[in-house]
Structures are given as structure tokens and as C-alpha cells.
1. Sort 170-178, 129-137, 141-149 by packing, meaning the average of other beta carbons within 10 Å per residue, with the highest value first.
2. What distance in nm separates the simple spin-label points at THR201 and SER117, each placed 7 Å from Cα in the Cβ direction?
3. Using 0.36 nm per residue, how much length does the chain from GLU126 to GLN102 gain when fully extended, once their Cα-Cα distance is taken away?
4. Along the positive direction of the dipole of the range 136-223 (beta-carbon charges: Lys, Arg +1; Asp, Glu -1; about the Cα centre), which of ILE155, PRO213, VAL137 reaches farthest?
5. Give me the Debye-computed log₁₀ of I(q)/I(0) at q = 0.10, 0.13, 0.15, 0.25 Å⁻¹ for the range 126-223, equal point scatterers on Cα only, no solvent, two decimals.
6. As a quick test, which of the pairs LYS129/LYS212; LYS136/LYS212; LYS147/LYS212 have an alpha carbon distance above 28 angstrom in this structure?
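Just so it is clear, none of the values below were taken in a lab; they were calculated from the coordinates. Since we're looking at a predicted model, the values are computed, not measured. Neighbour counts run over all protein chains shown; Cβ positions are idealised from the backbone, glycine included.
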Amino acid sequence: MLTPQGLKGKQYRITGNAYPRLGRPPKKSRKVIAALAALLALALIGLGGVQLYDIFGGKNKNASAQACATPSGKPLAAPGPGDPAASGAPAAAQGDPHAIPQPAAVTVNVYNATAKSGLAGRTAEELKKRGFTIGKVGNAPAELDKKVPGTAQVIAGPAGAGAATLLGSQIAGATATADARTDGTVDFVIGDSYNALLDETQAAAALALATKPSPAPTATGSC
């Protein structure tokens, strides 16, 4: 005697080649399967919604924050109260050693490192006409005498960086050297290839080129 599944507890005797026909699964089983399928579909829909939110919401926000960040990883910020850009005052007025000063604020020591006599005096007079303040004038010290092969060597300390840039723009091919002086004076040492200063128009163009800011990296998107 056998009681096959789906025959509702009825017992049948199997004889010969005749077998009982199996009925449909109970209605209760079908309802359970349908409920599980519905729950699975809702779970998939909910998961898809979370992923879409991450793509169009959270991830885009993170990308925007990264696009608006500086190379150090910190977000861009408006200039603070102590920044020159915030106060609007010129950098030179705030003690920036790299700011380009007016010629009258630059004290130049003119030294002749060549065998041509009188060259330091004539050059000092020309610089004075352009508004520079002239300090010492004479022959170059022993460590530089006859040892400047170019047109000129401009020497300044950290406090005279901007003054050295201004003075160096007055002559083509000048080289700049830093030393440990603490004041803002600048030495103009005339070299063997020196002939004359650039004219004032050429000097102004050279200064504009030397102080031209580097182009900022192009940012994509909006911040």
C-alpha cells in the first residue's frame, strides 16, 4: 500500500500497469510560493533603488567634492582675514619679499667685475635715472672680479627677492644669485658681456614676462 504525495492521504493499491493520477499541489502551498516570490521581487526593487541613489546622489556628491579639492585634498576656501586677497592691499604693502617694489624702494650696489674702467659709475647713473636708489659703487670684490662671464650677476638675500627680479629685468641675460644678507639691498655686478641696459620699454616687457603668473589648472564641472 502506498500513499503518494498529493493524493490527500488516500491509500491506493498498485496493481498491474495502472497508477493513480497525482493531483495539483494544495492551494496553501501555492500561496506560500507566491508570497515568497513577491517578497523576493520587492527586495530586488529596493536594492535597485539604493544603488540608483548612490549613483545619482551620494557618489556624485563625492565626485564634486573631489573636483573642488586642492591637490592637498582640502576643499577650496575663500581667503581668510589674513590673506592679501581678502584685504585687497597690495602684496608689497604687506611685507611680501617676492612682491615687485617701486625702483625708489630698491637700494642697488653697482660693482664692476670687468677690466673696463668707469663702467660701474656710468651704469649707476643710468639706474638712478630710472628711479633706483644707489648704494655702493666701485670695483667688484676679489671673489667676483673678472669672474662674471655673462652680462651681469644680480645678488640679493631672501628679503630682496622682488627687488632682484625688478633689477634683473633691466638687462638681458643677467643671472640671479641668493646670499645670506638680511636686508633688501641688491648687488648689480657687471660682467664681461655687458654693453648697456635695456631701454625702458624693453625692461618693462621683460619684467611683465618675469612676473607673469603660471596658468591655473583647468577644473571640470561646477563647484
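1. So the order, starting with the most tightly packed, is 170-178, 129-137, 141-149.
2. In this crude label model, THR201 to SER117 measures out at 3.7 nm.
3. Roughly 7.0 nm would be gained on extension.
4. Value computed over the given set: PRO213.
5. For the range 126-223, the Cα-only Debye profile gives -0.33, -0.51, -0.64, -1.53.
6. LYS136/LYS212; LYS147/LYS212
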